[in-house]
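Written below as structure tokens is the structure these notes are about.
The values are calculated or read from the model by the stated rules, or taken from the named source; none is laboratory data. None of the values given here were measured: they were computed from a predicted structure. Don't worry about glycine lacking a Cβ; one is built from the backbone with ideal geometry, like all the others, and counts go over all protein chains shown.
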Amino acid sequence: MPRNSRRGCGACPAGTEKPRAFPFANPAPLSPSLIAAMALSFFIKNKKAVLNRCRDDYATKMRLKYAPYYLVMESQKDTTVRLGGRDMIMLSSNDYLGLSFHPKVIEAANAATRKWGTSTNGARSSNGSRAFHVELEDKLAAFLGKEACHIHAAGYLSVMTTVATFAQKGDVILADKNLHSCLWDGIRLSLATVERFSHNSPDDLREVLSASNLDAAKLLVVEGVYSMEGHIARLPELTDIGEEYGCFTILDDAHGFGVLGRQGRGTTEHFGLNDKVDLICGSLSKSLASTGGYVAGSREVIEYLRTNSKQTIFSAAISAGQTAAAMAALEIMQAEPQHLERLWANTKKYKTMLRGLGLDIWDSETPAVPIVLGSKERVYPFWKALLDKGVFTVMSIAPAVPAGKDLIRTAISAMHTEEQLEKIAEAMAFALKKL
Ligand SMILES: Cc1ncc(COP(=O)(O)O)c(C=O)c1O
């Protein structure tokens, strides 16, 4: 083909284009090792972008500078932990009923581990269920007044998959603005449209619902007890409105289970409206003194979960030790009501003391008690002063909590002693002076 017959670039007459600024316009053949080196440098650049992101992350830098999280305890007994060679009162654990050191719970976990080994080493869809899985599921379902239950190796997994499995693209999820991160993750995975309503506000739920797509399938997602605020969901009003609009209702009762209701069955027992909630999910790591999670509902709904939940099908089942610990705790809860009574007596005493000091506990109604200080500049010295006085708590700062609600999260256990409550009171008074 004659040179000047080449098709032009449009701007230049044919045959007059400038050579393109491309270093290999007339390339000599490249050696394989040069190509490999070029590809490597390209990928190293990409990898460096991720490494730099980690290195430059402000939140990580601040966490490492002030070191308030991931502190390494040397030992623990009941509500006392040993940190840096000092005994401290644990005031941020969710061991509400104080059963994680109960001799029967420990023995049950040990015996199950001896019998079944330490791990299930795979998912139940491929390795099969074990008798202990089915036993705990049956007991939990009966306790919660539901037909069926499925347990997972983490509460986060149970709760996340509950939303992710039952909602799908095209559906509308009505979500309280203050939901836990595992619920937001489930919402995101589901690809459904999310409509948020103001925290615990039936009025706003109604308003949002009335403006939403009436034809879409709808799911109402709430927590029974909000873990940061300690608020109890206004379940009667919320479920009434949900029912009016045909919502499928999901309740994460991680912090209500074992705490609310005459027998600790949770938020639905507290209000006596079990039938208004389609699915109750939650954690075994709080009142049930173990780790793991559960989802309870009608049989057809739980069987749908077993068929469709990726987090259920492709994740290893909960171990025998974890399951047995939760099962023993569940039996103790029912046989020994004194733990629940003591939890509430301790909670009352603790809150009276905090209010007496003029601290803002965000109208907490439960043993999950925030101390709202309003900014991270106030939270850190308060937290540090408590630590210096031998009280271990956790800071929660925006965006983990709404702006202006930066707080110290505390939780009371049935296991806290009178002496510990007095020491906590002294530490709070001391910390207050540091503000
Ligand atoms: C409300 C709520 N749901 C679910 C979870 C997850 O439970 P787990 O920690 O057992 O994974 C938590 C954990 O703190 C929680 O607070």
Which of the residues that make up segment 268-282 are outside any loop (DSSP other than H, G, I, E, B) and either in contact with a Leu (Cβ under 9 Å, 6 or more places away or on another chain) or under 28 Å from LYS104 (Cβ atoms) (or both)?
-> THR268, GLU269, HIS270, PHE271, ASN274, LYS276, LEU279, ILE280, CYS281, GLY282
Take TRP383 and decide whether it is of a type in the set (Phe, Trp, Tyr) and under 24 Å from PHE257 (Cα atoms).
-> no
Looking across segment 283-319 at residues that are in contact with a Lys or Arg (Cβ under 7 Å, 6 or more places away or on another chain) and not in a loop (DSSP other than H, G, I, E, B), the single one that is surrounded by the most Cβ atoms within 10 Å (Cβ to Cβ) is ALA296
Can you tell me which of ALA108, ALA59 is of a type in the set (A, V, I, L, M, F, W, C), more than 16 Å from the ligand (Cβ to nearest atom) and buried (at least 22 other Cβ atoms within 10 Å of the Cβ)?
-> ALA108
Note: among GLU419, GLU336, just one is without any contact (Cβ under 8 Å) to a residue 12 or more places away in the chain, more than 20 Å from SER93 (Cα to Cα) and not hydrophobic (A, V, I, L, M, F, W, C), namely GLU336
Hits in segment 237-252 - residues which are touching a helix residue (DSSP H, G or I) at 6+ places or on another chain (Cβ under 9 Å) and without any contact (Cβ under 8 Å) to a residue 40 or more places away in the chain | GLU237, LEU238, THR239, ASP240, ILE241, GLU243, GLU244, TYR245, THR249, LEU251
When (1) within 13 Å of the ligand (Cβ to nearest atom); (2) over 25 Å from ALA233 (Cβ atoms); (3) basic (Lys, Arg) are applied to LYS376, the one that fails is (1)
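Okay, residues lined up against (1) farther than 22 Å from ASN200 by Cβ; (2) away from the ligand (no atom under 16 Å from the Cβ):
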residue: SER129; (1), (2): yes, yes
residue: ASP138; (1), (2): yes, yes
residue: ALA154; (1), (2): yes, no
residue: ALA167; (1), (2): no, yes
Taking the stated definitions as given, is VAL394 surrounded by fewer than 17 Cβ atoms within 10 Å (Cβ to Cβ), at pLDDT 95 or above, on the phi < 0 side of the Ramachandran plot and under 23 Å from the mean Cα position of the chain (by Cα)?
-> yes
Is it the case that HIS255 is surrounded by fewer than 24 Cβ atoms within 10 Å (Cβ to Cβ), in contact (Cβ under 8 Å) with a residue 40 or more places away in the chain, within 16 Å of the ligand (Cβ to nearest atom) and under 21 Å from GLY155 (Cα atoms)?
-> no
Selected residue (only one of ALA216, ALA233 is among the small types (Gly, Ala, Ser) and more than 14 Å from GLU365 (Cα to Cα)) | ALA216
Among the residues of segment 342-376, count how many are of a type outside the set (Phe, Trp, Tyr), more than 17 Å from GLU426 (Cα to Cα) and touching a His at 6+ places or on another chain (Cβ under 8 Å).
-> 5
Qualifying residue in segment 67-84 (condition: surrounded by 13 or more Cβ atoms within 10 Å (Cβ to Cβ), charged (D, E, K, R) and in the same structural domain as SER309 (by TED's automatic domain parsing)) | no
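Would you say VAL221 is within 24 Å of TYR294 (Cβ to Cβ), assigned by TED's automatic domain parsing to the domain that holds SER285, away from the ligand (no atom under 11 Å from the Cβ) and at pLDDT 95 or above?
yes
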When restricted to VAL301, VAL277, VAL295, VAL221, the only residue aliphatic (A, V, I, L, M) and within 23 Å of TRP362 (Cα to Cα) is VAL221
